[in-house]
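Structure, as structure tokens:
The values are calculated or read from the model by the stated rules, or taken from the named source; none is laboratory data. Computed from a predicted structure; not experimentally measured. All Cβ positions, glycine included, derive from the backbone under ideal geometry; neighbour counts span all protein chains shown.
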Amino acid sequence: MKNPAAIGQPLDRVDGPLKVSGAATYAAEHQLDHAPLVGWIVEATIPAGRIKALDTGAAEKSAGVVAVLTHNNSPSQVPFGEPDDEGRFTQSRAMLGSDRVRYHGFPVALVIADTLANARHAAGLVEVSYDPAEAVTTTGSDADEVPDELDGGLDPDVTRGDFEQAYSESEVQLDVTYTTPNQASAAMEPHATIAEYDGNELWVYTSVQLIGPAVEVLANTLKLDPDKVRVLSPYIGGGFGSKLGLHNEAILACLGAMHLERPVKVVQHRRHVFHNAPHRGNSVQRIRLGASGDGKLKAIGHESYMPRARGYAFAEPTGASARTTYHADALLSRHRVKTVDMSLIDSCRAPGHSIGSLAFESAIDEMAYRCDMDPVAFRLVNMPDREPASGQPFSSHDLAECLREGAAKFGWDQRDPTPRSQERGRQLVGYGVASTIRMNILVKSTTRIRLSDDGSLIAWANMTDIGTGTYTILTQIAADILGLPAGKVSIELGDSAYPASCGSGGSFGAGSSGSALRDACMKLREKLVDIARKQESLKDADFDGASFEGGNLVLGDKKVPLAELVRQSGHDYLEVDGKVEPGEDHEKYSQHSYGAQFAEVTVDRDTGEVRVRRMLGVFSAGRILNRKTARSQLLGGMVWGISYALLEELMLDERCGAFVNRDFAEYHLAVNRDIPEVEIHFREQPDTHSNPLGSKGIGELSISGAGAAVANAIYHATGVRVRDFPITLDKLLEHLS
Amino acid sequence: MAVISVNGQEVTLNDDPRTTLLDTLREGAGLTGTKKGCDHGQCGACTVLLDGRRVNACLVLAIQCEGCEVTTIEGLGEGGDLHPLQQAFVRHDGFQCGYCTPGQVCSAYAMLEEVANGEASDVTGKGAVRLSAEEIRERMSGNLCRCGAYANIVDAILDAAGELDRKGEASR
Ligand code: FES
Ligand code: FES
């Protein structure tokens, strides 16, 4: 019988019972011997300048207050951003280090009290006055700085062929500009940290996607030996990029703990999170497409303009979709940024592709109509045979098949191609499609496993599970390779004391940490077989057909329990290390996951209200490690796509560089009723180049296209093309009557 | 000092009348299963049952709960077993990061009672209230899930409701 925990099986999450019963311990929930003191952040109310005066007297006298930390009394730190040759997740994130205000919401004080209510009340008593400086808060197509590199190490500019000439000679041309707004990751768990310091060691319970860099940033900021810093993050209430690095409350909690030598907890209030954790910047994307009369793309041009937070080197590769999805004779992709005095700008689920596809896949749709072609057919005639930007071969390419299979399953042929031709009462009905592509990355990762003499296996890595299902898929990889039931495998993650792993981000977590574990398990298999070979009683056994099933090494008709092999080794347990790192396959091949997404929407003729009626996606992401959790990742990305297309927008007050809608009543996320029936299909094809498991990234796949499918359906329903996301009803209404 | 009852156990309140039920549970009683996502009544992560009705614990002062019975996620299962709703959430993968989940489960629990009591919603047509995917979507829209597990949450609730019906528990 097949192991129900085998790779690919829809095993229930192993941490599921803990999560549904409230027993999983998130950052703010670790119980220490003594209840920690509670810190509350006082935020700056100007975007740039200096603190002129700080009066903390009333706050200090307020009930329950133990300390008010400001730049005048906080422990010594390395200045913000140093050393500048470190990456952004490891260089100093100093807080309360000087009188300088970096952005609206930047912490100017931390009030520490016995209870949350006391800290919060006293925070309101801190008086701050400022010397404001000129601040840059807005970005549009005036961005003209060239970033050194884009996120993921991509070049800011790529050109192939002569774009201007190919474009000007094209029979059919399109020159359109799309805009996407500032957006928030809005993970449901606000950023939270408890710090404990005994004068020597710093223990940090936090919510962070990358544990290794978290240790380094603390050591670099607080002038500590990394060996004296322990970071724990076993359960994370969503990250989506906003928890890749450690953010403000973590540094503040550590400052408090070091100052007082007592544990301090700082939980960002939801309103803090919008400024004290990173967001995604707004984008202006000019897209020019040229095609011949038969719909063959001749020229693809994509120019991106976005903000970059002062002193923080992150630039989003918005042109990623334009660079990789379709073939054209000439390609131009350019990224410009403008330095702004705004809170940090960083990765948000699928940096580059998510908002890049929103604009680019909409423009591609426009071009299909302009060429008088079916949007699916148009995409199909422009499939690349090599990666357009690099000219490298693809490790595998399955986009065309996703489009064909998706169109058939969705009933695309039922669609009247003419925009605004389908009506159901007051409702205008539209179908939309978008291609989906997301780069696949492998990151160096290590792990250690131990098989005990009771036959149970434990694996350690400083990996994290941010809801992606890491605990579960790692359980399956070990169970599958060693033929163990899931119950015999335990996976220990989220602790800096464990072997260094890739962490969670960029959809590389499962493939990278999973391949390291696979390596360890394969080595353990060899070790076990070696032990068995030394057994007199097994000397005639069939070692060629050795397999691992049901907790046994199976040699023909002989079964030897793994526990017995451990005992025969003369040790209490066997320990093996595993690792993976990117190799030649990652230099030689361009690697991506693929998908095609289809949406049906209705738009109310009288109110402009858009409802998504159904969505369908066909995805090709190599070998699927767990069909249940993989499907959930894709579902989640589709929800984000709907949310991006229709709802999400941080509203900026340009005068003070603050987002005004800093809560969930005003920053709209898709809710349950916004999400229709969603159908997801896998085209399972292990990619022999991606990693030893044959899997590819999945967490950021569906968001890279879902929103454009909705936007394109809105166009089909109404004949109105809104190029300014989100597509709210006010933007449609004026064109509907 | 005032005392409230949580999952049948006495919890002594602190002497600060500003303390919310949510902070009493999480900070005072060590019942961290109930989550704080916004502290503003906007996300539903803090949903608990107050005398059987769902409330946002961040919008209730603890002192208001004197004489009431508070049930949190920790109080739903029986004898160490997960409640059928909790089991259904696991089976249907009705969560990812799990942070919204206790609120979703408590909300779903009370929502099923509301349906059983014949309380109408925005999508209820004429005639008796009947549990459907559409009813669940509407009634669960006060519980945000950034991981986007909504479709699975709907399936989990439908499944659990069937199970509850068979066990004759729905009207309890
Ligand atoms: S924490 Fe109470 S509704 Fe969000
Ligand atoms: S499971 Fe993460 S927010 Fe719902």
Any residue in region A:490-497 that is of a type in the set (V, I, T), touching a residue at least 40 places away in the same chain (Cβ under 8 Å) and either assigned to a helix (DSSP H, G or I) or closer than 18 Å to A:K2 by Cα (or both)?
-> no
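Rundown of residues vs (1) of a type in the set (V, I, T); (2) in contact (Cβ under 8 Å) with a residue 24 or more places away in the chain, yes/no style:
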residue: B:T34; (1), (2): yes, yes
residue: B:D51; (1), (2): no, no
residue: B:R54; (1), (2): no, yes
residue: B:V60; (1), (2): yes, yes
Given the structure, is A:L669 touching a helix residue (DSSP H, G or I) at 6+ places or on another chain (Cβ under 8 Å) and more than 7 Å from chain B (Cβ to nearest Cβ)?
-> no
Can you pull out the residues in region A:627-656 that are surrounded by 24 or more Cβ atoms within 10 Å (Cβ to Cβ) and more than 16 Å from ligand 2 (Cβ to nearest atom)?
-> A:G641, A:Y644, A:A645, A:L646
Is it the case that some residue within region A:588-600 is outside the structural domain of A:S704 (by TED's automatic domain parsing), crowded, with 16+ Cβ neighbours inside 10 Å, at pLDDT 95 or above and aliphatic (A, V, I, L, M)?
-> no
Cross-chain or 6+ apart pairs with Cβ under 8 Å, region B:94-106 first and more than 7 Å from every other protein chain (Cβ to nearest Cβ), then near ligand 2 (Cβ under 6 Å from one of its atoms) and assigned to a helix (DSSP H, G or I) = B:G94/B:T101
Given the residues A:L18, A:L32, which is the only one that is within 14 Å of chain B (Cβ to nearest Cβ) and part of a loop (DSSP other than H, G, I, E, B)?
-> A:L32
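Okay, residues lined up against (1) away from ligand 2 (no atom under 16 Å from the Cβ); (2) away from chain A (no Cβ under 11 Å); (3) under 22 Å from A:V20 (Cα atoms); (4) in contact with a strand residue (DSSP E or B) (Cβ under 8 Å, 6 or more places away or on another chain):
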{"position": "B:G30", "(1), (2), (3), (4)": "yes, no, yes, no"}
{"position": "B:G33", "(1), (2), (3), (4)": "no, no, yes, no"}
{"position": "B:G37", "(1), (2), (3), (4)": "no, no, yes, no"}
{"position": "B:Q42", "(1), (2), (3), (4)": "no, no, yes, no"}
{"position": "B:V48", "(1), (2), (3), (4)": "yes, no, yes, yes"}
{"position": "B:G52", "(1), (2), (3), (4)": "yes, yes, yes, yes"}
{"position": "B:A57", "(1), (2), (3), (4)": "yes, yes, yes, yes"}
{"position": "B:V60", "(1), (2), (3), (4)": "yes, yes, no, yes"}
{"position": "B:E66", "(1), (2), (3), (4)": "yes, yes, no, yes"}
Failed criterion for A:R310 (all others in (1) away from ligand 2 (no atom under 16 Å from the Cβ); (2) farther than 20 Å from A:N220 by Cα hold) = (2)
Are any residues in region A:681-737 hydroxyl-bearing (S, T, Y), in contact with a Phe, Trp or Tyr (Cβ under 9 Å, 6 or more places away or on another chain), part of a loop (DSSP other than H, G, I, E, B) and over 23 Å from A:G583 (Cα atoms), and if so, which ones?
-> A:S702
A:K265 versus (1) assigned by TED's automatic domain parsing to the domain that holds A:Q173; (2) touching a Pro at 6+ places or on another chain (Cβ under 6 Å); (3) part of a strand (DSSP E or B): which is the lone unmet condition?
-> (1)
Would you confirm whether any residue within region A:60-68 is more than 14 Å from every other protein chain (Cβ to nearest Cβ) and under 30 Å from A:T339 (Cα atoms)?
-> no
Filter region A:207-238 for residues that are within 14 Å of another protein chain (Cβ to nearest Cβ) and touching an Asp or Glu at 6+ places or on another chain (Cβ under 9 Å) and give the result.
-> A:S207, A:S233, A:P234, A:Y235, A:I236, A:G237, A:G238
Can A:P47 be described as at pLDDT below 95 and either on the phi > 0 side of the Ramachandran plot or not hydroxyl-bearing (S, T, Y) (or both)?
-> no
Taking A:A563 as the residue in question, decide whether it is of a type outside the set (S, T, N, Q), more than 14 Å from every other protein chain (Cβ to nearest Cβ) and outside any loop (DSSP other than H, G, I, E, B).
-> yes
Within region A:164-198, considering residues that are of a type in the set (D, E, K, R) and more than 16 Å from ligand 2 (Cβ to nearest atom), the one nearest to the other protein chains (Cβ to nearest Cβ) = A:E196
What residue, among those in region B:136-156 that are more than 14 Å from ligand 1 (Cβ to nearest atom) and more than 16 Å from A:V678 (Cα to Cα), is farthest from the other protein chains (Cβ to nearest Cβ)?
-> B:R139
Pick from region A:35-52, criterion in a strand (DSSP E or B) and under 27 Å from A:L116 (Cβ atoms), ranking: farthest from the other protein chains (Cβ to nearest Cβ) | A:I51
Among the residues of region A:564-606, count how many are over 32 Å from the mean Cα position of the chain (by Cα) and farther than 30 Å from A:L428 by Cα.
-> 12
Looking only at region B:69-83, and only at residues there that are more than 11 Å from every other protein chain (Cβ to nearest Cβ) and modelled with pLDDT under 95, the one that is farthest from ligand 2 (Cβ to nearest atom) = B:G79
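From the list A:Q427, A:Q422, which residue is surrounded by fewer than 19 Cβ atoms within 10 Å (Cβ to Cβ) and either within 16 Å of ligand 2 (Cβ to nearest atom) or modelled with pLDDT under 95 (or both)?
On inspection, the qualifying residue turns out to be A:Q422.
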If you go through region A:479-500 one residue at a time, do you hit one that is within 14 Å of chain B (Cβ to nearest Cβ), farther than 30 Å from A:F394 by Cβ and over 22 Å from the mean Cα position of the chain (by Cα)?
-> yes
